[in-house]
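Step one of this worksheet: look at the structure below.
Throughout, read-outs are computed from the coordinates displayed, never taken from laboratory work. Quick caveat, the model's predicted, so the values are computed rather than measured. Reconstructed Cβ throughout: ideal geometry from the backbone, glycine too, with neighbour counts over all protein chains shown.
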Amino acid sequence: NNIMAKIKTNLPSKLSKDNWFYEANKELIEPHLGKFYISYSTVSSWEDYRTDFIKQKLAGIKLPESIYGNFGSWVGTSVEHGEIQSNNYGFTGGENINLIERKEGDKYERMILIDMGEFCVIGFIDIMREVSPLVADVADIKTGGAKKEEEYKKESYIQLILYAYALMLEGYTINNIGVWFCRRTGSHIKPPLNLSTEQFYIPLDYTEERVKYALDKVNRVVGEISEFFTCFEKYFKIN
């Protein structure tokens, strides 16, 4: 909060009718058109892959595709559509998509928005399930190798905390939140990347303390990006 008090919010992205997600989410976005926004993936990129963030988001440099990112997208899209999607990378194990439980009424890629004043946080819930009216389960789908799952058990993983908080602001009570972790085998060195049968649910605690931690982290990252982006625009951006 101290950072945000000293630095004027200045982010690379604003909510507009040109956003790729606008048409499907007009009602949610309309009251906030013109505001800066940041997504959870941007927060994560700034924290973990800052050089790539600067290259891609600020300098406009197209980065090489990530085979692991493509694999995660393939799994997520297949779950969303309820059937194995085609891919050009030779991924295998698509039949194991069905191990992730599906129930009638589940919503996939459900957009959320948190109004933070000078900016908004947006995101897309992989699986939202209303267990009863205005009572929801929130789940994210993650893929990875043997060590990756540990990341989602740490306090530093705030994605689902933010998404659940956004639903609470809409009037929902949160029932359960957690990660569906899908074990990936193979690598870019030893292809193909394969979706294994080892898939399990990692439950997370949703508490006021974790919400505060998540919001403080977002505020800090927005302050850091704003400071950097303002400097970039002043000295490097070519109009």
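Amide H of Gly123: which non-local residues (sequence gap of 5 or more, or other chain) have their own amide H closer than 5 Å, using H built in the peptide plane?
Placed amide hydrogens put Ile112 under 5 Å from Gly123.
Here are some values of percent of Cα pairs over 27 Å apart: [x] 57; [y] 46; [z] 40. Which one was computed from this structure?
Answer label, from the structure shown: [z].
Distance from a point 7 Å along Cα→Cβ of Asn175 to each backbone N in segment 138-153: keep the residues under 12 Å and list them by number.
Inside the label zone: 138-139.
Per-residue counts of other Cβ atoms within 10 Å, averaged by peptide: what ranking do you get for 108-118, 144-154, highest first?
Averaged packing, sorted descending, gives the order 108-118, 144-154.
I need the phi-derived Karplus couplings for segment 60-69: 6.51 cos²θ - 1.76 cosθ + 1.60, θ = phi - 60°, integer Hz, Gly and Pro marked x.
For segment 60-69, the Karplus-derived couplings read x, 8, 6, 8, x, 5, 9, 4, 6, x Hz, x marking Gly and Pro.
Count neighbours as other Cβ atoms within 10 Å of each site's Cβ, and list the trypsin sites (Lys or Arg not before Pro) in segment 175-239 that are DSSP loop with at most 15 such neighbours.
When the trypsin sites (Lys or Arg not before Pro) of segment 175-239 are filtered for loop state and at most 15 Cβ neighbours within 10 Å, Lys237 remain.
If each DSSP helix of 4+ residues adds -39,500 (n - 2.57) and the sum is divided by the residues in the chain, what number results at 222 nm, nearest 500 deg cm²/dmol?
Result for the chain, helices only: -9500 deg cm²/dmol.
Pairs of alpha-carbon atoms within less than 8 angstrom and 6+ residues apart define the contacts here; what relative contact order does the chain have, in percent?
This gives 23 percent for the chain.
Residue separation times 0.36 nm, minus the C-alpha to C-alpha distance between Lys62 and Asn25: what's the value?
Here the segment from Lys62 to Asn25 would lengthen by 10.6 nm.
Once amide H atoms are placed 1.01 Å from N in the peptide plane, what residues at a sequence separation of 5 or more from Tyr89, or on another chain, have their amide H within under 5 Å of its amide H?
Here nothing satisfies the definition.
Quick check: from the Cα gyration tensor, does segment 16-139 come out rounded (a/c under 1.5), prolate or oblate?
It is oblate, given that a/c is not under 1.5 and a/b is not larger than b/c.
Return the distance in nm (one decimal) between the two label points of a simple spin-label model at Val131 and Glu151, each offset 7 Å from Cα along Cα→Cβ.
Taking the two extended label points, one gets 2.8 nm.
Using the basic label-point model (7 angstrom from Cα toward the beta carbon), what is the Ser187 to Lys103 distance in nanometres?
The answer from the label model is 3.9 nm.
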